[in-house]
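Rule-based calculations on the coordinates, nothing more; no lab input. Worth saying up front: this structure is predicted, and the values here are computed from it rather than measured. Cβ atoms come from the backbone with ideal geometry, glycine included; neighbour counts cover every protein chain shown.
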Amino acid sequence: MSEAGDAVRDIRDNLKDSWRSGVNRGDLQDNNKILGGLTSAQTNDVIENLTEADLNKWTDEIYDDNGIFTSDGLIADERTDLYNNLARDLEPEQLQRVYNALGDEARQNELISSISAHSSDSTKAELVGLLASDTTDKPHDVDSGWFSTTTEYHDQDAKAVSTLISSMTSSRSIEAAINSLDNRQLQAVLKAGTAHTAFTAHSGHATLPSHSFDTQGITQLLITVGRSHDLALKARVFELGSRQIDEIRGTHSLLTPNTTAGVRSGEVADALSALLDTDTTGIITALERGDGVLSSRAGNGISSYMAELVRQDDTTRITNLIAKLQTGNDLSADPVEFLRTFEQTTSGVRDFQNASNLGYVIGGVREGIAAIESNRREQAELVSTIFGTALGLGRIPKITDFTKAALVVAGPLSKELINAVSDDLGSGHATLGDSLEALAIPEGVYSSDVTGPFGDAVDLVIRN
């Protein structure tokens, strides 16, 4: 018999219950030693030749705490040693089998932690593909007791996938992992990254749940996606990730106040901003074209993002975004020439993509402001803040790395124009949309070649 065959036999022997005693910690420690003495190929062969019943028995015994004076299972450090060994040696298919055998979320999280730390990125990406179909079948987990009920609104497999992707550094593997998920699965993975939990106390009276979130998972996931070179993929993640802002905000109401909703939704917006910063014009182009997910053309994601920036009083980010769409990512292009730039399509149509991008974002700004403020004077103050920062008209922004962007936006403007547009909006003589367009399109660019694509992009956003 081969060394791997001997190992399979010995492991099974160690997992057998006898009439005198069951499996004890020494048996499990011996199994750890057996695997520790094998090569990666041999370890993979051993796990492959163990049946599902063998793996289920082994994982149950690992966590056995029914000893008379002490646990018969492995202690935490011994489990970590075992899982690290498996993570280094096993192919994705065998890792999935062990993961499934563990069954319980806390147990699976221990294995996923080891895989994140010790498996190759290519192995993680393949494992993500294997787990993809399981990320949407258990959208919540309810733990109901005598005095309270706790509901976790995420799928455990989606949480595992989120952790695996977040641990990757290779752009190729990140892209392979994300592309193995359809939109529904990716949405579940992003949601799992917010760790949404609802707690309801049973007091004998009608009670409403309290909600909490932990956004570390989605923040790390968005940072990881920023390492990708695929603009359509980044746009897809931005569009679907922005929906989590509305999910979090939706848990705050008069009857069910969530005092941390603003903080947590702001953290998601910050992570989305960091993703956009990796290539602002490229990602906005992909969003406007619907390259990542077709629904992004409607602008729901960019509108939710803009609304959150307004709520957070973070209008400086809006100023910076507009500046990049007027003059390029490095803020160096002439805005008139930049917005007049076009590409000739195969059918002979001139495509003014830069103008469309600016319209797309201005549509999002318009929707974002309108969602937060219906009062015309308040809207006018926000518009003045966004476009008047460099002229000393706006409030002091939250961050200081804004000066160049603000100067770019305000460069072709004047104090008199900003005041006039703001006054007209505040007095009801102009609409929010007209006011934003008047200040966003630099003087000298007004031609149908630019205003046409700009207006079409705005209209598409505000109609949806």
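The alpha carbons of the range 283-388 give a radius of gyration and a Dmax of 14.7, 47 Å, in that order.
From its DSSP helices (H runs of at least four residues, each -39,500 (n - 2.57)), the chain gives a residue-normalised ellipticity at 222 nm of -19500 deg cm²/dmol.
What is the dipole size for the chain, taken about its Cα centre, with +1 at each Lys and Arg Cβ and -1 at each Asp and Glu Cβ, in debye to the nearest 20? Mind dumping the intermediate values first?
Details: 38 positive and 69 negative charges, 243 e Å.
In debye, rounded to 20, the chain gives about 1160.
For the listed peptides 166-173, 94-101, a ranking on the average number of other beta carbons within 10 Å per residue, highest first, reads 94-101, 166-173. Of all alpha-carbon pairs in the chain, indicate the percentage at a distance above 33 angstrom. Summing the P(r) tail past 33 Å for the chain gives 49 percent.
A Cα-only calculation for the range 144-234 places Rg and Dmax at 16.6, 55 Å.
So which GluC sites (Glu not before Pro) in the range 239-307 pass both tests, a DSSP loop state and at most 15 other Cβ atoms within 10 Å of the Cβ? Mind dumping the intermediate values first?
Working: sites: Glu239, Glu247, Glu267, Glu288; in loops: none.
Passing sites in the range 239-307 do not exist.
Put in line by how crowded their Cβ is, counting other Cβ atoms within 10 Å and starting with the fewest, Val161, Val365, Val46, Val263 read Val263, Val46, Val365, Val161. In plain terms, the residue of His202, His211 with the fewest other Cβ atoms within 10 Å comes first and the most crowded comes last, giving His202, His211. Round to a whole angstrom and tell me the spacing of the C-alpha centers of the range 228-242 and the range 172-226. One Cα centre to the other: 17 Å.
Relative to the longest principal axis of the Cα atoms of the chain, the long axis of helix 261-277 lies at roughly 80 degrees.
For trypsin sites (Lys or Arg not before Pro), the sites in the range 214-263 that DSSP calls loop and that have at most 16 other Cβ atoms within 10 Å are Arg227.
Annotation: the residues His140, His154, His118, sorted from fewest to most other C-beta atoms within 10 Å of their own C-beta, follow the order His140, His118, His154.
Looking only at Cα atoms, what is the convex hull volume of the range 286-345 per residue, in Å³? Numbers along the way, then the final one.
On the way: hull volume 6.2 nm³, N = 60.
Here the figure is 103 Å³ per residue.
With a/c under 1.5 counting as rounded, go ahead and sort the range 73-174 into rounded, prolate or oblate using the C-alpha gyration tensor (a ≥ b ≥ c being the square roots of the eigenvalues; past the cut-off, prolate if a/b is larger than b/c, else oblate). Oblate shape, in that a/c is at least 1.5 and b/c is the bigger or equal ratio. Between the listed residues Phe199, Gly299, Gly388, the Cα displaced farthest toward the positive end of the dipole of the chain, a dipole computed from Cβ unit charges relative to the Cα centre, is found at Gly388.
Helix 448-462 and the longest principal axis of the C-alpha atoms of the chain enclose an angle of approximately 50°. Projecting the Cα positions of Ser119, Ala76, Gly103 onto the charge dipole of the range 60-126 (unit charges on Cβ atoms of Lys, Arg, Asp and Glu, taken about the Cα centre) puts Ser119 furthest along the positive direction.
Once C-alpha pairs closer than 8 Å and six or more residues apart are averaged by separation and normalised to the residue number of the chain, the relative contact order reads 9 percent.
State whether the range 1-112 is rounded, prolate or oblate according to the following rule on the C-alpha gyration tensor (a ≥ b ≥ c being the square roots of its eigenvalues): a/c under 1.5 gives rounded; otherwise a/b larger than b/c gives prolate, and the remaining case gives oblate.
Details: a/c = 1.68, a/b = 1.22, b/c = 1.38.
Judged from the Cα gyration tensor, the range 1-112 comes out oblate (a/c at least 1.5, b/c at or above a/b).
The Cα atoms of the range 227-315 cover 42, 22, 21 Å along the three principal axes, with the biggest extent listed first. Checking the Cα-Cα distances for Lys16/Lys159; Lys33/Lys159; Lys234/Lys324; Lys138/Lys234; Lys16/Lys124; Lys57/Lys138 against a 22 Å cut-off, the pairs over it are Lys16/Lys159; Lys33/Lys159; Lys138/Lys234; Lys16/Lys124; Lys57/Lys138. Count Lys and Arg as plus one, Asp and Glu as minus one, and take only other residues whose Cβ is under 13 Å from that of Gly452; the net charge is then -3. Rounded to the nearest 10 degrees, what's the angle between the helix 415-427 long axis and the longest principal axis of the chain, both from Cα atoms, 0 to 90? For 415-427 against the chain, the angle is about 80 degrees.
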